[in-house]
1. Could you please find all residues in the stretch 206-247 being aromatic (Phe, Trp, Tyr) and within 17 Å of Ile313 (Cα to Cα)?
2. Filter the stretch 313-331 for residues that are open to solvent by less than 40 Å² (accessible area, probe 1.4 Å) and outside any helix (DSSP H, G or I) and give the result.
3. Restricting to the stretch 85-122, and then to whatever is assigned to a loop (DSSP other than H, G, I, E, B) and either of a type in the set (A, V, I, L, M) or open to solvent by 10 Å² or more (accessible area, probe 1.4 Å) (or both), can you tell me which residue is modelled with the lowest pLDDT?
4. With the requirement that a residue be of a type outside the set (Phe, Trp, Tyr), open to solvent by less than 50 Å² (accessible area, probe 1.4 Å) and assigned to a helix (DSSP H, G or I), what does the stretch 153-171 give you?
5. Right, Ser32: at pLDDT below 85, within 22 Å of the chain's Cα centre (by Cα) and not in a loop (DSSP other than H, G, I, E, B) or not?
6. Does Asp199 fit the bill of being on the phi < 0 side of the Ramachandran plot, outside any helix (DSSP H, G or I) and surrounded by fewer than 20 Cβ atoms within 10 Å (Cβ to Cβ)?
7. Could you please find all residues in the stretch 139-152 being crowded, with 20+ Cβ neighbours inside 10 Å and free of Cβ contacts under 8 Å to residues at least 12 places away in the same chain?
Amino acid sequence: MTRSIPPSAAVAPVSDTQDATAAYHHRASGVSDTYTDTYAAGRPRLTRSVVVNAVGLLLFVLVPAIASATGESFLVNLMTRFLIYAIAAVSLDLILGYGAMVSFGHAAFFGLGGYVIGIAAYHVNMGETIFGWSGSNAALVMWPLAVAVAALAGLVVGFLSLRTSGVQFIMITLAFGQMLYFILVGLMIYGGDDGLSIDARNTLPGLNVNDPATFYYVCLALMTVWIIVCRRIVNSPFGMALQSIKQNPRRSIALGLAPLRYRLTAFVLSAAGTGLAGVLWANYALFVSPDMSAWQKSGELMAMVILGGMGSIFGPVLGVAVYLGLEQVATGWTEHWMLILGPVLVLVVLFGKRGVYGWLAGGKQ
């Protein structure tokens, strides 16, 4: 006896078939399911990660008010430092978490962005010119210039380094980072190993950036914008291709992708973001030194990304909070606080591969 099949069950709607086919190819490529899972229903769902992100953003907005209410004014400065490092950590995660590019020289771009601000401020104060240019103290001029210099350096370093992989890539990026470090040490006119002091922060029209709360909100706005930009990048076709190259380079080449082009673009974007963090640090501390570009700083940024969770964009932000929070607490007990950080980092790597953010937010990262 033959059963009749209802027309609605016999033929699937075209849109459903297309969605199923797209989902199959998406998962077959080995790329993260975060984008598909979040937007498959046509709109973002209220998930644990959304709640964690919303609560975090709310706390950031309320920091100056909390500091004023409790009389703990140092909280604003502490959280400003946190926001700056968060921009650098998110930038590193763009290549580390989504491109499997382990860069031990990324602090070079952090230091380079800061030194562009410091050198320009030095010449402005001395009344001297830089290659015939009198310099500027305007943020809308100097900040994009410093980011562009960091991006250009990222283009050169990435073009040479990305022709290798694995340990060779790590060593080449480390070599470039140390090269810049010793160049900065040798610039005796700009303080050499002692660093360079900056008299005043760059100016922004209509804002008093010398006010700690105002400068904090400027850093918060830039961090939020950079996170949104990075989120859109990793969820774009470019980001999906980058993750596909990370998962299986040979398959990606067979599909017609050019790994060097995608990786180099991601490396340049990451260098630009790290340079922006260096710009903000120079304005925050009013001081730059070669230590900003030392390999130890690259190690700190990498530890922050690992603690928070690689390949999650929001994870490094939480990783910075854990790292700096642990530093603040542990230094009250001992100056050798790294002895405490080491075991914590090992435990996270062994038992929490998605990091602290993966534990809080849940779901697939």
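1. Answer for the stretch 206-247, where residues must be aromatic (Phe, Trp, Tyr) and within 17 Å of Ile313 (Cα to Cα): Trp226, Phe238.
2. Ile313
3. Ala100
4. Ala153, Gly154, Val157, Gly158, Ser161, Ile170, listed by residue number.
5. Numbers: at pLDDT below 85: yes; within 22 Å of the chain's Cα centre (by Cα): yes; not in a loop (DSSP other than H, G, I, E, B): no.
So Ser32 does not fit the description; no.
6. yes
7. None; the set is empty.
Per-residue answers, yes or no, for (1) touching a helix residue (DSSP H, G or I) at 6+ places or on another chain (Cβ under 8 Å); (2) closer than 27 Å to Trp226 by Cβ:
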position: Val149; (1), (2): yes, yes
position: Val156; (1), (2): no, yes
position: Phe159; (1), (2): yes, yes
position: Leu162; (1), (2): yes, yes
position: Met171; (1), (2): no, no
position: Gly192; (1), (2): yes, no
position: Gly195; (1), (2): yes, yes
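The values are calculated or read from the model by the stated rules, or taken from the named source; none is laboratory data. Because the structure is a prediction, the values reported are computed rather than measured. Quick reminder, even Gly has a Cβ in these numbers, built from the backbone with ideal geometry, and neighbours come from all protein chains shown. Note: accessible area is taken over every heavy atom of the protein model, side chains too, but ligands, DNA and RNA are not part of it. Shrake-Rupley method; radii C 1.70, N 1.55, O 1.52, S 1.80 Å.
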